[in-house]
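Engineer: Got a structure for you, written out below as C-alpha cells; questions coming shortly.
The values are calculated or read from the model by the stated rules, or taken from the named source; none is laboratory data. What you are looking at is a predicted structure, and each value in this text was computed from that prediction instead of being measured. Note: ideal-geometry Cβ built from the backbone for every residue, glycine included; neighbour counts use all protein chains shown. For accessibility, only protein heavy atoms count, side chains too; no ligands or nucleic acids. Shrake-Rupley method; radii C 1.70, N 1.55, O 1.52, S 1.80 Å.
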Amino acid sequence: GLGEITLGPHEHAIKVLFHSTTKPAPVNLGISAIYALFSFALGVLTYGLPVPSGLFVPAIMAGGATGRLFGELLSIYAPGYSTSPPGNFALIGAAAVLGGVCRMTISITVIVVECTTNISYLLPIALTIMVAKLVGDLFNEGIYDMHIRLKRYPMLPEEPPHERERLQAKHVMATSIKSVCDVERVGKIIDLLNTTTHHGFPVIASSQLQRARPADGNQGTPFQRKPRVLGIVLREQLVTILAKLKAHNWRAPSPGPDPHALAADDFLRPWFNEAVSADSVRMSADELE
C-alpha cells in the first residue's frame, strides 16, 4: 500500500513501482497519484536545504510513480494499445524526469540501463532522455546550472553570450601598458613596483625602443614601432631579484663567475625567511642607476 512504499526504504519502493505486475496490483491509481505528488513535493522542498537529501533518488521516485500512473491508466482504459506492463512505463517515467531535471544524456542513459540489466531498454530510454532534455531546454536551464548562478560560482558557460561572439582580445585589453625592458634601470623597476599593483609586466626588447623618425624630419617618440615582446616577468620575480642584489651588496659585474648570481632555485622557493615586498627594498642613489 501507500505506507509500504512511502515509509519503507527506497529500494523496496523501486521494486514495487518498476517490477510488480501481480493482480490485484499493489500499486493502484490512487497510490500512484498520491506517491507521485508526495515524492515530487518533498524533492522540491528538500533540495534547497543544507541537508544530504540529494536530487537523484527523489527524481527517480517521482518519475517512476508518474510513469506507473500512466501505465495503470493505459492498462485499464486502453488495454489493446499496449502490451507492456505498468512497470516499464515507470522505468521510462523515471528516465524522463532525470533527463529533464539534470539535463544530462549519456550518463543518465548508462546509469538507468545498468540498473535494468536489460540492454533491450537502451533505445526507448535514450530517446526518452533526449526528448526530455530538448523540451526542458526550450523553457529554462538545468537545475545544476541554476544553482551555479545562484551561488555565483566562477564557471564559464559552454557558449559565450551572443553580444560577445564578435568580441576580440583587443577590445578587453588595457591600452596603457606598464612594461619593462630587457635591460632596465633599477630605479625605474622600483618606481614601477611602488606605483602599480600589476601581477606581471611584459618584457620589451631594448632594440625595439629606438625613436622612429617621421617624414617631416622631427624626432619621433618611443613605441611608434611595434615593440617586440620577449615574455613576461612576475612581480614576485622582480622583488626577488632586487632583494637578493641588495642583500649581497650588488656591484657592477666583473670578469669571472659571480658566486652570488641568481639561479633557478631563487625563483622556485624563497631564499629569504620572511616575505619581501617592494617597500622593503631600499636602494641608494648609486644603486638606482
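Engineer: Would you confirm, using the coordinates I've provided, whether residue 68 is under 29 Å from the mean Cα position of the chain (by Cα), of a type in the set (D, E, K, R) and at pLDDT 85 or above? Reasoning before the result, please.
Structural biologist: Details: under 29 Å from the mean Cα position of the chain (by Cα): no; of a type in the set (D, E, K, R): yes; at pLDDT 85 or above: yes.
Considered against the rule, which asks whether it is under 29 Å from the mean Cα position of the chain (by Cα), of a type in the set (D, E, K, R) and at pLDDT 85 or above, residue 68 comes out as no.
Engineer: So, in the range 96-142, exactly how many residues are within 22 Å of residue 61 (Cβ to Cβ), of a type outside the set (S, T, N, Q), part of a helix (DSSP H, G or I) and under 23 Å from the mean Cα position of the chain (by Cα)?
Structural biologist: 8
Engineer: For the range 78-86, does any single residue satisfy the condition of being assigned to a helix (DSSP H, G or I), open to solvent by less than 90 Å² (accessible area, probe 1.4 Å) and in contact with a helix residue (DSSP H, G or I) (Cβ under 7 Å, 6 or more places away or on another chain)?
Structural biologist: Yes, because at least one residue in the range 78-86 is assigned to a helix (DSSP H, G or I), open to solvent by less than 90 Å² (accessible area, probe 1.4 Å) and in contact with a helix residue (DSSP H, G or I) (Cβ under 7 Å, 6 or more places away or on another chain).
Engineer: Among the candidates 209, 193, single out the residue that is modelled with pLDDT under 85, of a type in the set (A, V, I, L, M) and open to solvent by less than 70 Å² (accessible area, probe 1.4 Å).
Structural biologist: Working: 193 fails: modelled with pLDDT under 85.
Only one candidate qualifies: 209.
Engineer: Suppose we keep only residues that are open to solvent by 50 Å² or more (accessible area, probe 1.4 Å) and not in a helix (DSSP H, G or I) within the range 1-25. Which one would you say is modelled with the highest pLDDT?
Structural biologist: Per the stated criteria, the residue is 9.
Engineer: I'd like to check something: does the range 65-77 contain any residue that is open to solvent by 50 Å² or more (accessible area, probe 1.4 Å), more than 21 Å from residue 126 (Cβ to Cβ) and not in a helix (DSSP H, G or I)?
Structural biologist: Scanning the range 65-77 turns up no residue that is open to solvent by 50 Å² or more (accessible area, probe 1.4 Å), more than 21 Å from residue 126 (Cβ to Cβ) and not in a helix (DSSP H, G or I).
Engineer: Among the listed residues 113, 51, 57, which satisfies the condition of being β-branched (Val, Ile, Thr), surrounded by fewer than 21 Cβ atoms within 10 Å (Cβ to Cβ) and touching a His at 6+ places or on another chain (Cβ under 9 Å)?
Structural biologist: Only one candidate passes the filter, namely 57.
Engineer: Return yes or no: is residue 156 open to solvent by 50 Å² or more (accessible area, probe 1.4 Å) and in a loop (DSSP other than H, G, I, E, B)?
Structural biologist: Working: open to solvent by 50 Å² or more (accessible area, probe 1.4 Å): yes; in a loop (DSSP other than H, G, I, E, B): yes.
So residue 156 passes the test.
Engineer: For the range 143-171, name all the residues that are among the aliphatic types (A, V, I, L, M) and farther than 30 Å from residue 59 by Cβ.
Structural biologist: Listed by number, the residues that qualify are 167, 169.
Engineer: Can you confirm whether residue 162 is over 30 Å from residue 100 (Cα atoms) and loosely packed, with under 10 Cβ neighbours inside 10 Å?
Structural biologist: Taking the combined requirement at face value, the residue does not satisfy it.
Engineer: For residue 140, indicate whether it is exposed (fewer than 11 other Cβ atoms within 10 Å of the Cβ) and either within 20 Å of residue 17 (Cα to Cα) or free of Cβ contacts under 8 Å to residues at least 40 places away in the same chain (or both).
Structural biologist: Numbers: exposed (fewer than 11 other Cβ atoms within 10 Å of the Cβ): yes; either within 20 Å of residue 17 (Cα to Cα) or free of Cβ contacts under 8 Å to residues at least 40 places away in the same chain (or both): yes.
Spelling it out, residue 140 is indeed exposed (fewer than 11 other Cβ atoms within 10 Å of the Cβ) and either within 20 Å of residue 17 (Cα to Cα) or free of Cβ contacts under 8 Å to residues at least 40 places away in the same chain (or both).
Engineer: Could you tell me whether residue 200 is modelled with pLDDT of 80 or more, surrounded by 13 or more Cβ atoms within 10 Å (Cβ to Cβ) and over 41 Å from the mean Cα position of the chain (by Cα)?
Structural biologist: no
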